[in-house]
Amino acid sequence: MTRAAYSHETAETRMVSIIDYGAGNLTSVARALRHIGVTCRITDQHKEILSSERVIFPGVGAAGKAMEVIRRKNLDGVIHEVIAQKKPFLGICLGAQVILGRSEEDNTACLNIIPGTARRFPDRGIKVPHMGWSDMSVVRSHPLLKGVNGRAQFYFIHSYYPAPEQKEDIIATTDYGGAFACIIGRDNVVATQFHLEKSGRHGLKILKNFCDWDGRV
Amino acid sequence: MLSKRIIICLDVREGKTTKGVKFKGNIDIGDPVAMAGEYYRQGVDELVFYDITASSDKRDIIIDVVEEVAKNIFIPFSVGGGIRCLDDMHRVLDAGAEKISINTAAVQNPDLIYSGARTFGSQCIVLGMDVKKVNKTPAMPSGYEIYVNGGRTPVGIDAVEWAKKALDLGAGEICLNSIDADGTNAGYDLVLTSLISRAVSIPVIASGGAGTPEHLKDVFRTSDAGAALIASMVHYGHYTVAQIKKCLSKEGIPVREFI
């Protein structure tokens, strides 16, 4: 094998795939990855997703529309397969909601990777969407949070929040009219409700930790 | 806990940052990309770019500015000014902005709020409101009227009514600018900010008139505003973001510590 081919192959397997399911905000995640020196591609190609080293599932938008595109592109099967391969998998924002069983938004059946529901914030007493910078309380340690300052704040913008069925799937919580799960995870899957790519250097640090993570907890 | 946001506004004209008083007499003060980088390093929570380029053939400059900013700045930022259709929104979002601020075009075509929110999500759509104090009349019960075209043209719509309508149409946030207070450095219009922020369930950004950290404290104390827009107090070097945040924090107002 030539050196060039070898390095090409290395690049292929080191590659981070950002799943393209028609949601917004994918390029912001790609820019943040490039900034921290990580090679990535935005793709809906099954082969590319399955051959990458790790997968990011970001996005803003509505759950109903997102699931419709995911099913139309047959990405649901690919996502389940990549997770079964034990590859590190990161959901961001909408990605942290559609990995649950269902969403109250458009009453949508979702991917059911982590059992639970994406619930809407109550309309009374607080402004919805939850928009801006909030801190978090870590419930259990995780490689993603290595070296992250405990007082750091992160950028949120959402009207629905992840409510996993099992407490063990909650990694950190944030308070907004009551505590909700802002980081959830199980095995090689982890997801943040806040935008890592828009949370300044602490967000970039978590993104970097994800890219260094072997998927084991 | 949710922090109160400090948002810096950069008025961009033909690729340069400018600042005016009461929407007039703009002077160039710097390169928006370099300024955005500096404010990011100072710990600002969010940035807004308003394209006030007069001639439409130079509009693409703002896309270049957005792309350059997006490469190096990892906090949210919005773009406003001259956005008239879904295509315009698409281009600005593709270039790297998180949110779009619409103002005149939303008054002329309220459906733009609805279709923008349907297409890109409510969180993307900020309604910019330019508001002027007027006499209270049955047609203008709040005593505040909406103006368009950079604050030049009254449109006969009550500010509170318009805010509620924008909420119903799917706006995710309101940037509330007082024309009377803009550029005066005499403080926000506290009555107006309180009125609008309590009338709608979406976040409101107070805008126009900030000259000292005290002014931000006053608006956060007296209203439900989630954010305060500032410009000249930082553009002219009177204060840094850290100084403003320290002052607010001392007063018990939650802000994002830059650590």
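The values are calculated or read from the model by the stated rules, or taken from the named source; none is laboratory data. Source: prediction; values computed, not measured. Virtual Cβ from ideal backbone geometry, glycine too; neighbours counted across all protein chains shown.
Total residues in segment A:151-182 satisfying the condition of being charged (D, E, K, R), more than 20 Å from A:Gly125 (Cα to Cα) and facing chain B (nearest Cβ under 8 Å): the figure is 1.
On the stretch given as segment A:122-137, residues that are at the interface with chain B (Cβ under 10 Å from one of its Cβ atoms) and in a strand (DSSP E or B) total 6. Here A:Leu144 does not qualify as within 14 Å of another protein chain (Cβ to nearest Cβ) and either touching a Gly at 6+ places or on another chain (Cβ under 9 Å) or under 19 Å from B:Ile259 (Cα atoms) (or both). If the condition is being assigned to a helix (DSSP H, G or I) and free of Cβ contacts under 8 Å to residues at least 60 places away in the same chain, then segment A:76-110 contributes A:Asp76, A:Gly77, A:Val78, A:His80, A:Glu81, A:Val82, A:Ala84, A:Glu105, A:Asp106, A:Asn107. So for segment B:110-131 (the condition being at positive phi and surrounded by fewer than 23 Cβ atoms within 10 Å (Cβ to Cβ)), does at least one residue qualify? The answer is no; no qualifying residue exists. For segment B:93-113, the count of residues that are among the basic types (Lys, Arg) and touching a helix residue (DSSP H, G or I) at 6+ places or on another chain (Cβ under 6 Å) is nonzero. As for segment A:177-197, it holds no residue that is part of a helix (DSSP H, G or I) and over 14 Å from the mean Cα position of the chain (by Cα).
Residues checked against (1) out of contact with any Cys (no Cβ under 7 Å at 6 or more places or on another chain); (2) away from chain A (no Cβ under 11 Å):
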| site | (1), (2) |
| --- | --- |
| B:Tyr50 | no, yes |
| B:Asn72 | yes, no |
| B:Val79 | yes, yes |
| B:Asp87 | yes, yes |
| B:His90 | yes, no |
| B:Ile102 | yes, yes |
| B:Ala105 | yes, yes |
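Within this structure, B:Leu176 fails the test of being assigned to a helix (DSSP H, G or I), under 27 Å from A:Ser159 (Cα atoms) and in contact (Cβ under 8 Å) with a residue 24 or more places away in the chain. For segment A:39-75, filtering for residues that are within 14 Å of chain B (Cβ to nearest Cβ), more than 14 Å from A:Ile92 (Cα to Cα), among the aliphatic types (A, V, I, L, M) and touching a residue at least 40 places away in the same chain (Cβ under 8 Å) leaves 1. Those helices (runs of 4 or more DSSP H) of segment A:1-66 in which at least 3 residues are modelled with pLDDT of 85 or more and closer than 26 Å to A:Ala84 by Cα, considering only elements entirely within it, cover A:26-35, A:46-51. Of the residues B:Lys16, B:Lys22, B:Lys58, the single one that is under 22 Å from B:Val219 (Cα atoms) and modelled with pLDDT under 90 is B:Lys22. Residues in segment B:152-173 that are assigned to a helix (DSSP H, G or I) and of a type in the set (A, V, I, L, M, F, W, C) were compared, and the one that is farthest from B:Leu216 (Cα to Cα) is B:Leu169. Only one of the numbered conditions (1) more than 22 Å from A:Glu197 (Cα to Cα); (2) assigned to a strand (DSSP E or B); (3) within 14 Å of chain B (Cβ to nearest Cβ) is not met by A:Arg119, and that is (3). Counting only helices (runs of 4 or more DSSP H) that fall entirely inside segment B:49-150 and contain at least 2 residues that are closer than 15 Å to B:Val33 by Cα and out of contact with any Asp or Glu (no Cβ under 7 Å at 6 or more places or on another chain), the qualifying elements are B:60-72. The single condition from (1) modelled with pLDDT under 95; (2) surrounded by 18 or more Cβ atoms within 10 Å (Cβ to Cβ) that A:Ala152 fails is (1). Taking the conditions (1) in contact with a Gly (Cβ under 6 Å, 6 or more places away or on another chain); (2) without any contact (Cβ under 8 Å) to a residue 60 or more places away in the chain; (3) not small (Gly, Ala, Ser) in turn, A:Tyr155 satisfies each one other than (1).
Of the residues making up segment B:211-259, just one is of a type in the set (Ser, Thr, Tyr), modelled with pLDDT of 95 or more, assigned to a helix (DSSP H, G or I) and farther than 22 Å from A:Ser199 by Cα, namely B:Thr222.
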